[in-house]
Amino acid sequence: MAASKTQGPVVRMEEDRDGSCSAVEDVGYGDSKDCILEPLSLPESPGGTTTLEGSPSVPCIFCEEHFPVAEQDKLLKHMIIEHKIVIADIKLVADFQRYILYWRKRFTEQPITDFCSVIRINSTAPFEEQENYFLLCDVLPEDRILREELQKQRLKEILEQQQQERNDTNFHGICMFCNEEFLGNRSVILNHMAREHAFNIGLPDNIVNCNEFLCTLQKKLDNLQCLYCEKTFRDKNTLKDHMRKKQHRKINPKNREYDRFYVINYLELGKSWEEVQLEDDRELLDHQEDDWSDWEEHPASAVCLFCEKQAETIEKLYVHMEDAHEFDLLKIKSELGLNFYQQVKLVNFIRRQVHQCRCYGCHVKFKSKADLRTHMEETKHTSLLPDRKTWDQLEYYFPTYENDTLLCTLSDSESDLTVQEQNENVPIISEDASKLYALKQSSILNQLLLQECLKN
């Protein structure tokens, strides 16, 4: 088959019949039907375009061809090639099916040139080789109003669905990490995954179509795919270790597949959550001239290893743990000579044992943290640490709680020890006494004694 002649694209403005200007583009590709707009594939079954039985379909604006809603790209390609009409910014249309049906009706009432700008290709070629394409976009007030109304209707439907899910008490779901079953409201399983597995996909009130969302995430895990980096692994254990060690127990914010499950993405026409958030940040920048001189930063509170007590400074927390639980972390650090990483392991080890309601002194497990705390205080097991090999393991490099502020305050320096402790731990290095005579002859004390004698 001979290749068609091509020319470089040229864009210019031409005057329409009503005196207005429209963009005219000289594409110069010869016969438009020779253009390949996407990879081709041979048909798997005879016949033309078919629609699955029972699936919603969308008709072409000009003919009787129908395409499944999920295959709107095929319909757009059909309209470009067969009818030479281009719809701009189709991703900003909230309801594609209603949009097409509206314009299908309108085009039967008035000529297409009343609504669309004309794009002429090959305008420098002979007249018989020239073709006109029609651009339908929101520059047309009617199109803009239609898009806004569809957006409002879609938002109304989403808010109604969200309210229904808020009030639904018949929700049934299984945790994708521990297989625990939950009944009642959707917030129960979402809060459980955030609290117990550090997997937070957002507040329940910000999510819509929760069942579909959880099924989408579960399907990815069943396919051994990480939810954050979206890499695929050979087995489930490898995937679990990867997500835990890399802290990938979260979804990929750049994956547009998840946008439809968050209400914020329906609030403004054509704006994603990132764009809405960026506008909020700009508003903050615009008010930088406000006086912040009286603003005081509140330090992040660190939480006790054994109870829910929080302290604004690490010094207060150390005092609390020593007074209330007879646990002196600084003393343990000094006696065992722990470096920063060993301190991290020890803290994460204790956190995990307390979280599991297990005494690390006698290995007895209790029903609640309150029972464990009572036992450890009565038996003085808070200071009864197991052998170093028990907690000095690689697995305890990873925090039990992602927001554990105590880990950020640990230090290698000796500045947090008392003066007495520092003096007690100062090493004394003796001089080499094997050459005592030579040492006496070269000692600086000889010069000092000589000077003293001369003065006297």
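The values are calculated or read from the model by the stated rules, or taken from the named source; none is laboratory data. Since the structure is predicted, the reported quantities are computational estimates derived from the model, not experimental observations. No Cβ is skipped: glycine too gets one built from the backbone with ideal geometry, and neighbour counts run over all protein chains shown. With ligands, DNA and RNA removed, areas are computed over all heavy atoms of the protein, side chains included. Shrake-Rupley method; radii C 1.70, N 1.55, O 1.52, S 1.80 Å.
Give the calculated FRET efficiency between Asp371 and Leu155 to the nearest 0.05, with a Förster radius of 51 Å applied to their Cβ-Cβ distance. Provide the component values of the computation, followed by the final result.
Values: r = 50 Å, r/R0 = 0.98.
The pair Asp371/Leu155 has a calculated efficiency of 0.55.
Given a 1.4 Å probe and heavy atoms of the protein chains only, how would you sort His197, His83, His66, largest accessible area at the top?
Working: His197 30, His83 50, His66 70 Å².
Ranked list, largest accessible area first: His66, His83, His197.
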Check your understanding: If ligands, DNA and RNA are left out, what is the accessible area of Phe182 with a 1.4 Å probe, given in Å² to the nearest 10?
Key -> 20 Å²
Practice item. Enumerate the residues in segment 178-193 having an amide nitrogen under 18 Å from the point lying 7 Å beyond the Cα of Arg166 toward its Cβ. Key: 185-191
Review point. Let a ≥ b ≥ c be the square roots of the eigenvalues of the Cα gyration tensor of segment 57-144; is it rounded (a/c under 1.5), or, if not, prolate (a/b larger than b/c) or oblate?
Key: prolate
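Report, for segment 57-144, the % of DSSP beta bridges that are antiparallel, rounded to 5.
On the way: 8 of 11 bridges.
Rounded to the nearest five, the antiparallel share is 75 percent.
Given an 8 Å cut-off on Cα distances and at least 6 residues of separation, report the relative contact order of segment 302-407 as a percent. If you can, show how the numbers build up before the last one.
Working: 109 pairs, mean separation 32.8, N = 106.
Value for segment 302-407: 31 percent.
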Practice item. Measure off 7 Å from each Cα along the Cα-to-Cβ vector at Lys389 and Lys240, then give the distance between these two points in nanometres to one decimal. Key: 2.6 nm
Check your understanding: Just how much of Lys236 is accessible, in Å², when a 1.4 Å probe is used and the result is rounded to the nearest 10?
Key -> 120 Å²
Check your understanding: Measuring from label point to label point, each 7 Å out along Cα→Cβ, what is the Thr124 to Asn206 span in nm?
Key -> 5.3 nm
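Could you sort Arg147, Arg98 by their accessible area in this structure, using a 1.4 Å probe and putting the largest first? Display every interim value, and only then the final one.
Details: Arg147 5, Arg98 100 Å².
Per-residue accessible area, sorted high to low, gives Arg98, Arg147.
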Exercise for review: Find how much the distance from Gln97 to Glu378 grows on full extension, using 0.36 nm per residue of separation minus their present alpha carbon separation; answer in nm with one decimal.
Suggested key: 94.2 nm
Point to revise | Largest to smallest accessible area among Leu155, Leu101, Leu217 [probe 1.4 Å] | key: Leu101, Leu155, Leu217
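I'd like the GluC sites (Glu not before Pro) in segment 108-196 restricted to DSSP loop residues with at most 13 other Cβ atoms within 10 Å, sorted by number. Before the final figure, lay out the partial values.
Details: sites: Glu109, Glu128, Glu129, Glu131, Glu142, Glu148, Glu149, Glu157, Glu160, Glu165, Glu180, Glu181, Glu196; in loops: Glu180.
Answer by residue number: Glu180.
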